[in-house]
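**Q** Handing you this structure, nothing more for now.
The values are calculated or read from the model by the stated rules, or taken from the named source; none is laboratory data. Quick caveat, the model's predicted, so the values are computed rather than measured. Neighbour counts run over all protein chains shown; Cβ positions are idealised from the backbone, glycine included.
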Amino acid sequence: MKIPRLRLAALVFCIPAIFSSLSAAPPKIGVLLKGRSDFWSAMEKGALEAGAKLGADVIVKAPLSEADIAVQIQLLGAMGAQGIQALVIAPCNRDTLAGPVAALAARGVKVVVVDSPLAGADTAPFVGTNQLAAGEAAGRLLAGLVQENDEVSILRFSQTSVAAQQRETGAMGALRAAHPHLVVHDDIYSSSESGVEAERCVLLLDKYPATRAILASSTQGTMAMLKLLEARKSAGSITFVGFGFNLNPAVAAALSDGTMRGWVAQLPRDVGYKGVETALALLAGQKVNAPVSTDIVVITKDNLADPRVQALLAN
């Protein structure tokens, strides 16, 4: 079965003889990510792969947690001191990181923003998932699985995550378009604080016991809710759709047995690769048609066995 994909904007450039106008030494590119979870590790792999393939010296740094905004700023300063020529950054906070990044750009460092927007970086290319469109895809999927009189709960992520907010907005819009009178609860956040997700999932089910369908807008929330639904043996009685990246064995099993009905997967490795590729294009003086949007893959039981979906297990 054909894999549903959203192909958005395309990156229109190539990098032939990219270093012809640069010094003999490979360009030094700093990649500053938000954290060290599996999502960011996958993005790091893509960035390092691009560096190795395209001949760049790629330095990857990240704070321990996405909440470590001050640490990310410190790491940014350290990268500047290392003499990077380009910066690929996934900002922990769109406003707080704006000033430090602008200061680095004023020194001639080329800037590429990935995953989440950065305030004041209107001229910097953006590389990442179209989160609004991803949310709409999840909302349409869930809308086809519920009835007008069902109660639906959205397990949100964090009040400071712009990407998650865009996913939630897209999902809500698609749900409302299909079912204008649907009862939707959206006041519970799984939180970006590690270890809190499980109790927030319990809170959602206890507060809204009539919930017939759940959409979790983050990987952390999705995995925590999946564990709870399995523990309560709620497969089939609650329709569950989640967001994440690539594919993991637990989600594959849940899709197979019906505990989950859909998994909307980002491809962070592609984001990392294209982030470095875009930075090299800027250093070579090439024009970049931004935003550079990467695919998402909507995975259900119907396309789970597709070889291209199964290949995501190894990423």
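**Q** Name every residue in region 277-296 that is over 17 Å from residue 163 (Cβ atoms), modelled with pLDDT of 95 or more and either outside the structural domain of residue 39 (by TED's automatic domain parsing) or among the hydrophobic types (A, V, I, L, M, F, W, C) (or both), in order of residue number.
**A** 279, 280, 281, 282, 283, 284
**Q** Please work out if residue 164 is in contact (Cβ under 8 Å) with a residue 12 or more places away in the chain, among the small types (Gly, Ala, Ser) and in contact with a Ser or Thr (Cβ under 9 Å, 6 or more places away or on another chain). Don't jump to the end; show me each part of the working.
**A** Details: in contact (Cβ under 8 Å) with a residue 12 or more places away in the chain: yes; among the small types (Gly, Ala, Ser): yes; in contact with a Ser or Thr (Cβ under 9 Å, 6 or more places away or on another chain): yes.
Yes.
**Q** Hand me the list of helices (runs of 4 or more DSSP H) wholly inside region 239-315 holding 1 or more residues that are farther than 30 Å from residue 108 by Cβ and in contact (Cβ under 8 Å) with a residue 24 or more places away in the chain.
**A** So the answer is 249-257, 307-310.
**Q** Of the residues 146, 202, 152, 184, which single one is part of a loop (DSSP other than H, G, I, E, B) and more than 30 Å from residue 27 (Cβ to Cβ)? Give the derivation first.
**A** Values: 202 fails: part of a loop (DSSP other than H, G, I, E, B); 152 fails: part of a loop (DSSP other than H, G, I, E, B); 184 fails: part of a loop (DSSP other than H, G, I, E, B).
Of the residues listed, the single one that is part of a loop (DSSP other than H, G, I, E, B) and more than 30 Å from residue 27 (Cβ to Cβ) is 146.
Per-residue answers, yes or no, for (1) under 24 Å from residue 34 (Cβ atoms); (2) buried (at least 18 other Cβ atoms within 10 Å of the Cβ); (3) in the same structural domain as residue 33 (by TED's automatic domain parsing):
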| residue | (1), (2), (3) |
| --- | --- |
| 233 | no, no, no |
| 258 | no, no, no |
| 262 | no, yes, no |
| 275 | yes, yes, yes |
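**Q** I've got another one for you. Between a first residue in region 127-145 that is in contact (Cβ under 8 Å) with a residue 24 or more places away in the chain and a second residue that is aromatic (Phe, Trp, Tyr) and surrounded by 24 or more Cβ atoms within 10 Å (Cβ to Cβ), which pairs have beta carbons less than 8 Å apart while being 6 or more apart in sequence or on different chains?
**A** 134/243; 138/243
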